[in-house]
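Some notes on the structure that comes next.
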Amino acid sequence: MSKFESSVKQIPYAQTSVYEKLSDLSNIEKVKDRLPEDKAKDLEFTQDSISVSVAPVGRIQLKIVEREEPKTIKFETVQSPLPFNLWIQLLPTSEASSKMKLTLKADINPFIKGMISGPLQDGLEKIADMLAMIPYETE
């Protein structure tokens, strides 16, 4: 099992606000415009799943399999050329701010690991950056 981790991202919103928004994926509809169109197409959200077409990989669908309020959201692939699990970990840094880290675990064939490790790490970092930019204030 190979493990990839994003760097820790500082978020200027309370842990509970971030968790509430990310634990219901339909709230993330607002970030669709932040993804490069050539990399991610046909982005679809439901409360418990996200589906996207990623060039050149194809269609990827993730579903939430566990929520541990207010600190962890765990995903697993439903549809993907490479099955993996993804965790979003949230920790408070103050009453009004928090930090986040993404962890991805995948069973990768040693022959292709060298080819995909860089792009996987880069993609994980980009997702973490995007999630750190979301306005998390509750309406």
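The values are calculated or read from the model by the stated rules, or taken from the named source; none is laboratory data. Remember, it's a predicted structure, so these values are computed and weren't measured experimentally. Quick reminder, even Gly has a Cβ in these numbers, built from the backbone with ideal geometry, and neighbours come from all protein chains shown. Surface accessibility is based on the protein's heavy atoms, side chains included, excluding ligands, DNA and RNA. Shrake-Rupley method; radii C 1.70, N 1.55, O 1.52, S 1.80 Å.
From E125, E137, which residue is within 20 Å of E69 (Cα to Cα), touching a residue at least 40 places away in the same chain (Cβ under 8 Å) and open to solvent by 30 Å² or more (accessible area, probe 1.4 Å)?
E137 is the lone residue from the list that is within 20 Å of E69 (Cα to Cα), touching a residue at least 40 places away in the same chain (Cβ under 8 Å) and open to solvent by 30 Å² or more (accessible area, probe 1.4 Å).
Based on this model, can you work out whether I134 counts as at pLDDT below 90 and over 23 Å from V8 (Cα atoms)?
In short, no.
Condition test on S98, is it modelled with pLDDT of 95 or more, out of contact with any His (no Cβ under 9 Å at 6 or more places or on another chain) and loosely packed, with under 14 Cβ neighbours inside 10 Å? Write out each step before concluding.
Details: modelled with pLDDT of 95 or more: yes; out of contact with any His (no Cβ under 9 Å at 6 or more places or on another chain): yes; loosely packed, with under 14 Cβ neighbours inside 10 Å: no.
No, not satisfied.
The rows are residues; the columns are (1) modelled with pLDDT of 90 or more; (2) open to solvent by 60 Å² or more (accessible area, probe 1.4 Å); (3) part of a strand (DSSP E or B).
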{"site": "K3", "(1), (2), (3)": "yes, yes, yes"}
{"site": "Q10", "(1), (2), (3)": "yes, yes, yes"}
{"site": "S17", "(1), (2), (3)": "yes, no, no"}
{"site": "N27", "(1), (2), (3)": "no, no, no"}
{"site": "Q47", "(1), (2), (3)": "yes, yes, no"}
{"site": "E76", "(1), (2), (3)": "yes, yes, yes"}
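Would you tally the residues in segment 51-74 being at pLDDT 90 or above and in a strand (DSSP E or B)?
Residues that pass the stated criteria total 11.
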